[in-house]
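Below is one structure; the comments refer to it alone.
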Amino acid sequence: MSTDAQEPELQPEEGRPSPLSRRTFIAATGTATGVAVAAGVTGSGTRPVSATEDVASELADGTTSRVSFLLNGRRQSLVVDNRASLLDLLRERLDLTGTKKGCDAGACGACTVHVDGRRVNACLTFAARLDGAQVTTIEGLTPDGDLHPLQRAFIEQDALQCGFCTPGQIMSGVACIREGHTGSPEEIREWMSGNICRCGCYVKIVRAVAQTATGGR
Amino acid sequence: MTPQPAPQPARQPQATVGTPRSRVDGRLKVTGQARFAADHGPADGIDGIVHAVLVDATIGRGRITGIDTRAALAAPDVLTVIHHGNAPRLPYRDNSFPDSIHPPGERLRAFQDDHVRFFGQPVAVVVATTLEAARHAARLVEATYDAEPPQLDLVTAPAHEPDVYTRGDAAAALASAPVQLEMTYRMGRNHHNAMEPHAIVARWDGDRLTVWEKTQWVADPRNELAAVFGIAQAAVRCYSRFVGGAFGNSGRTWVHSVAAALAARELRRPVKLVLSRRQLYFGIGFRPAYEYGVRLGSERDGRLTAVVHDVRGETSRYERHSDDLALGRMLYDTPHFRQDVRLVPLDVNTPTWMRGPGWSTTATALETSLDELAHELGIDPIELRIRNEPADDPATGQPFSTRRLHECYTTGMREFGWHRRSSRPRAVREGDWLIGMGMAAGAYPAESAPAQAHARLGADGTVVVRSASSDMGPGTTTSMAQVAADALGLPMWSVQFQLGDSTMPPAPVHALAWTMASVGSAVQATCDRLRRKAVALAVGDDRSPLHGVPADEVVVRRGWLHARADPRRGETYQQLLARNGRTHLEAVGGYEPPEEIRYSMYAYSAIFAEVAVDARLGIVRVRRMLGVFDAGRIVNPKLADSQAHGGMIGGLGQALLEHTVTDPRDGRILNANLADYLVPTNADAADIRAIYIEGVDNEAAPIGVKGLGEVVQVGVAPAIANAVFNATGRRVRDLPITPEALLMPR
Amino acid sequence: MFPFTYTRATSVHEAIEAGERGGRYIAGGTTLVDLMRETVERPSALVDIVGLPLSDVSATPRGGLRIGALARMADVAADPVVRQTYPAVAQALELSASAQLRNMATIGGNVMQRPRCAYFRDVSAPCNRREPGSGCSALEGYNRTHAILGTSEHCVATHPSDLAVVLTAFEATVHLVGPEGRRATPIGHFLLPPGDTPDQEQDLRPGELIVALEIPPLPRPLRSGYLKVRDRESYEFALTSVAVALHIRGGVIHTAKVAAGGVGTIPWKLPAVEQHLVGRRPSPDLWGQAAERAADGARPLVHNGFKTELLRRTVERQLRIVGGRS
């Protein structure tokens, strides 16, 4: 029986590339206790769980994988359908719906999250590959629930309308600032072009990113 | 709906309306906590959701000869496959205007027959316990077809009888005009491509259906699903608090929503169905393609004498979608005008409204043709427009309520630096780039529709106002709170506006730029009524400091009801309610447009664009754009700016990038994804600015607005096209303008 | 998406074994996951290789550049050695895709990208790449973005990579390892035009894995650069693109390396342009004359005829940008 455990991680793993971190994962799962949230689910979808469900047999045909990774600072240990993207795992199984599906093909950026500190498209990331990774979503951008300065800047500049692309814009913008690609409006525009905003808030998005990068108004 | 008397002009001070305010749901949106249709689930008490995925037809027209579902049903976790062969016959009651905005015709039905009407039409829905399983099983459904060649050619296909508008004798006037021009413009099909895909969660509780649906009008899924399933409208409840952009694509309820509700009913489980980005190109309407013939006749001084428009626009074979192509009738003082609009039925899904519907299409033809005339005559394009500025509406003879288009021109000329434009094309060069400026005008009807609202003042002095409107991005939730706050004399933070629930007081479809005029006026009327109720309670209460003050002499500021003449004599809403033992006060109110329209009412735009065109490589980049708008009162300049930017960037896409490409052999859409259907990126939007001409329009709406959301895209595409001509000397009459059209000889 | 097994290779050896058994390698996954979702790709076993130690980027002893196959595009683009020695590589990478995708995608995967063609991506359309013998829908269909060079009656899809254009211009070597051991092959031989076997896109044997891509030393001083022409300003595949490197000494071009993208079924080396340049003195006229040869052998289709002229102009422009006027 698998357990989907969620508990605070006291010592987050530091910036190792995820696929190489398997050994740390094995060590970590030994300590994983806590509340089972959705045991026995193999896809991204929610399915009622029966105590007799034989997850081991699902594992035996090899189309599911056991993964353990840090999600917003908390360890997640679960069994996933190999086909499940990180995006669908977040949205359909872990109820973290802040990360959005705009195209499911890496062409819009609405699903941008940070994996091991880098911005990536969650739609093109198989969840099964995340063993040992650190994943940060919009829900975990700040640890204490305060707004990140870029979030404040988005509100202040009104760098959003419908708000659907906004979580992805912000995750991308935070990384863009961290990467140092904020030297000029032109540079920001180019390095924020992986996030489509159909409401057309680009001018204000650039202002919000620039304002946050310089740490002032 | 009971007609409500037009509200009194507000005597309340305007404290928040007109000021730049951050959107009240900004925090929810920047933290990912705003829940869009597909985000609903256990956190909303919807447990045991299963996932539905549509199977799409792979022919352009014909009949389904067989559907083999064995492999799909044998796949793990699959619950059912529903198709025309096993779907129950659904009542499909009529559901026409005003209960829906369906165009005339027979709407597409979910799995009710074996007809394939267009490529990508849903032919089955697969439901499984996981999304992965459902998606996979959908690929395992094997449908076979008897295919017929589809009719897909807008230019050669037989058209319906034309819709003709005529005044004067355009043919004769054209023949005798000293200057005559004839052009044909072609506009590609556009898809809205809102970032949020269409999505629905449907749950039945007995005979009652609840849907969390992406919609611009919560009444529409309610009415349509009630009609389809043969149940009372009151048995359907639709929630849609956040809408991830729509631009017109969610005004009507598309067939996938019926499929989801049907699956939920058959399975007795909540079903979530989210269209893939690809399916959005097939299963959702679009801005139709047009061929727009224009003939102009003018005097040598540029005064128009005759305009003839011959238009062909696409619709489906089963419904007649027609855009409102009326801009040409009213924008210029044209004594002789004729317009023939032919709808061409094709084997496509039915088109629908898309931002600036019709008006932005006509603007492309009309405003490019004006630019051509200006060039022909050697007259500045703005001067030409001013010479043709009408005194009254040339179509109706009515006076304009307000028309500040001339001010739009002069402001735009000054702010944009129009004097730096060379009237000679291809005259300005910077390295490899040819630089050009262009402009175009636009208009959009300032309409309104009946709306109602409910307001409730609580004992804590906060107010909740509700109306079944929608907010797909403009900030309805914020701007309505501003209107309500001013009417009630409250700070904005103590007023909450709620929308997106079909059980709320009715509101019209959130479209046509009429939400502020309609719902805003209803909110104001309702809140005025609520304030007066409170004032009446106070002045009639002998324990109130306001006892005996004439009600008309009481105003409310920051929650303090006081005598106008003596601001210290008063009390708070809280004190008033507490003393009277009231838990709350409430009011219902509404807005009804006047029955008699005495004015011609429009919002106006003047768009200015500067482009750089690579002289050798043909690529076009928009360097800067300025939109000057006469939209009446601007309730929130901060949000208005965002809307204006969005409209102009949408127009940029229309002009240079966007074109849904179909295969003429079978109607397959070939760029049904965001990597190949190009919408503007951040890098495409350099310098974009909006200016609003001050002034209210109290004829257009009691709150003085004319609507902004549509007019901001009207005129953008032709302004860019005209700038391309000014830069290059090459007139491109097909949109989008792509490099191949501009590979000019050295 | 069809079900599949997933394993991680912990060594190159283990990967090759799994690959030999029919396992499909996955690195960044940005192409593969997308195409699996469209069911264009239906591997039954995925072998994750991204953890293998194949991501080093280093200068070779004689001044070339070796890029590990599993180095991420973003890391290579930012690498100081790359930026200093072969800036065209960094330019091509930074003009590719988006920042997010460049953080995921690897160099090896970039070169291995599948063709960008609407019919290829749509499993309900005939396509010889997916199903040899089913026919090419693009030949008579919509083919604005398709190739004018290296096409056959079986396929006209373009190779989508920007980086591979630079690698082709610079005559990079593809280092491979497989069950038979190591081998190296020029990129010009590694990427295959469709010919009569459009489903064979690379010279890749069962179980083989790209280890590295190596750009040979080019004579210095070297002027180089990558130019990409596209409809929108960012986040789009090329309509045309050109990589150029010129070694000019004593006022004469001694070495010229030129290849084009967006126009060929594989990145298209332009030897006729190179030959015209070598031994001549840079001048605007020379750029124009050389560029005239860029589209030799082009076979335009209904909607992509403009690429012939656009290619010539892109070459001319980039020769001027790189070579200057003197």
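Nothing in this text is a laboratory measurement; each read-out follows from the coordinates by a stated rule. Treat the numbers as computed from the prediction; the structure is a model and nothing was measured. Note that each Cβ is placed from the backbone with ideal geometry, even for glycine, and that neighbours are counted across all protein chains shown.
Okay, here's what the table says:
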| item | result |
| --- | --- |
| D_trans [Stokes-Einstein, Kirkwood Rh over alpha-carbon pairs] for chain C, 37 °C, 0.692 mPa s, µm² s⁻¹ | 164 µm²/s |
| Projected area averaged over orientations for the protein assembly as shown, convex hull of C-alpha atoms, nm² | 49.3 nm² |
| Shielding of B:193-204 by partner chains, average beta-carbon count, 10 Å | 4 |
| In sequence order, calculated HN-Hα J values of region A:131-141 (Karplus, 6.51, -1.76, 1.60; Hz; x Gly/Pro) | 3, x, 7, 10, 10, 10, 10, 4, 5, x, 4 |
| Normalised per residue, the volume of the convex hull around the Cα set of region B:18-170 (Å³) | 265 Å³ |
| Chain C, relative contact order [Cα under 8 Å, separation at least 6], % | 17 percent |
| DSSP bridge pairs, region C:1-129: antiparallel proportion in percent, nearest 5 | 35 percent |
| Peptide B:644-653, shielding by other chains (average Cβ, 10 Å cutoff) | 4 |
| Radius of gyration, Dmax [region B:596-695; alpha carbons; angstrom] | 17.6, 57 |
| Base-10 log of normalised Debye intensity for region C:223-323 (one unit scatterer per alpha-carbon) at q = 0.20, 0.25 Å⁻¹ | -0.92, -1.35 |
| Cα-only Debye scattering, region A:149-213: base-10 log of I(q)/I(0) at q = 0.19, 0.23, 0.24, 0.25 Å⁻¹ | -0.56, -0.86, -0.94, -1.04 |
| Dimensionless Rg ratio for region C:5-51, taking C-alpha atoms and the 2.2 N^0.38 Å reference | 1.09 |
| Given charges at Cβ of Lys, Arg, Asp, Glu: the protein assembly as shown dipole, positive-most of B:488, B:331, B:720 | B:720 |
| Listed peptides B:192-199, C:7-14 by packing density, highest first (mean Cβ within 10 Å) | B:192-199, C:7-14 |
| Alpha carbon convex hull of region B:194-262, volume per residue in cubic angstrom | 70 Å³ |
| Globularity index of chain B, i.e. its alpha-carbon radius of gyration over 2.2 N^0.38 Å | 1.00 |
| In degrees, nearest ten, helix C:306-323 long axis to first principal axis of chain C (Cα) | 60 degrees |
